[in-house]
Amino acid sequence: MTFFEKEMELLFGESEFLSADAVFSDRTLIGGIGGIDDKLLAKIQFVSTKVVDHYDALRLSIINKERGVIDTETFRFVSIIGKKNGTDPYIWDYNGNVSWYGFKPTELDRARISDMVSDYCSMYESHDLCCGMAMGGM
């Protein structure tokens, strides 16, 4: 497993909102949104929002298997867990050496990140919201 796959596993491996057959591949996780709709997938990726190779956020895409991407949201770590040691938290990929920069997230940090993504996914529990009604009609 890559560093990113291990981090995804720590964040979402025990998640109740993702199906058990979720797949981790480097910086990306994709899996069914369990119990909501068998046509929905969640794609979660580590992304850089400011500096190349400074992965400071997760991008969540909600995908309908028949209609494509229906929503995308970016969750910056600093917005969820705050600054760490005076800096915005991020994973740094420097010449192939990948690690959290300046700190290591606690179980509470990881739980807050996972809960934020899970809470967002829970908005799609209504079949009308994800499959029947256009997003602009909310």
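Numbers for the structure displayed
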{"read-out": "Every residue from region 1-35 that is over 16 Å from VAL69 (Cβ atoms) and β-branched (Val, Ile, Thr)", "value": "THR2, VAL23"}
{"read-out": "Odd one out for ARG110 among (1) basic (Lys, Arg); (2) in a strand (DSSP E or B); (3) touching a residue at least 60 places away in the same chain (Cβ under 8 Å)", "value": "(2)"}
{"read-out": "Among residues of region 56-70, those that are in contact with a helix residue (DSSP H, G or I) (Cβ under 9 Å, 6 or more places away or on another chain), at pLDDT below 95 and buried (at least 17 other Cβ atoms within 10 Å of the Cβ), counted", "value": "1"}
{"read-out": "Hits in region 35-53 - residues which are surrounded by fewer than 18 Cβ atoms within 10 Å (Cβ to Cβ), within 23 Å of ASP109 (Cβ to Cβ) and not small (Gly, Ala, Ser)", "value": "LYS43, VAL47, THR49, LYS50, VAL51, ASP53"}
{"read-out": "Yes/no for ASP53 being in contact with a helix residue (DSSP H, G or I) (Cβ under 7 Å, 6 or more places away or on another chain) and at positive phi", "value": "no"}
{"read-out": "Those residues of region 71-91 which are surrounded by fewer than 16 Cβ atoms within 10 Å (Cβ to Cβ), not in a loop (DSSP other than H, G, I, E, B) and not β-branched (Val, Ile, Thr), in sequence order", "value": "GLU73, SER79"}
{"read-out": "Residue in region 1-34 that is surrounded by the most Cβ atoms within 10 Å (Cβ to Cβ), counting only those that are more than 13 Å from the chain's Cα centre (by Cα) and in contact (Cβ under 8 Å) with a residue 60 or more places away in the chain", "value": "PHE3"}
{"read-out": "Restricting region 1-24 to residues that are assigned to a strand (DSSP E or B) and touching a Phe, Trp or Tyr at 6+ places or on another chain (Cβ under 9 Å), the residue that is nearest to ASN97 (Cα to Cα)", "value": "PHE24"}
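The values are calculated or read from the model by the stated rules, or taken from the named source; none is laboratory data. Note that this is a predicted model, so its numbers are computed, not measured. Glycine gets a Cβ as well: all are built from the backbone with ideal geometry, and neighbour counts include every protein chain shown.
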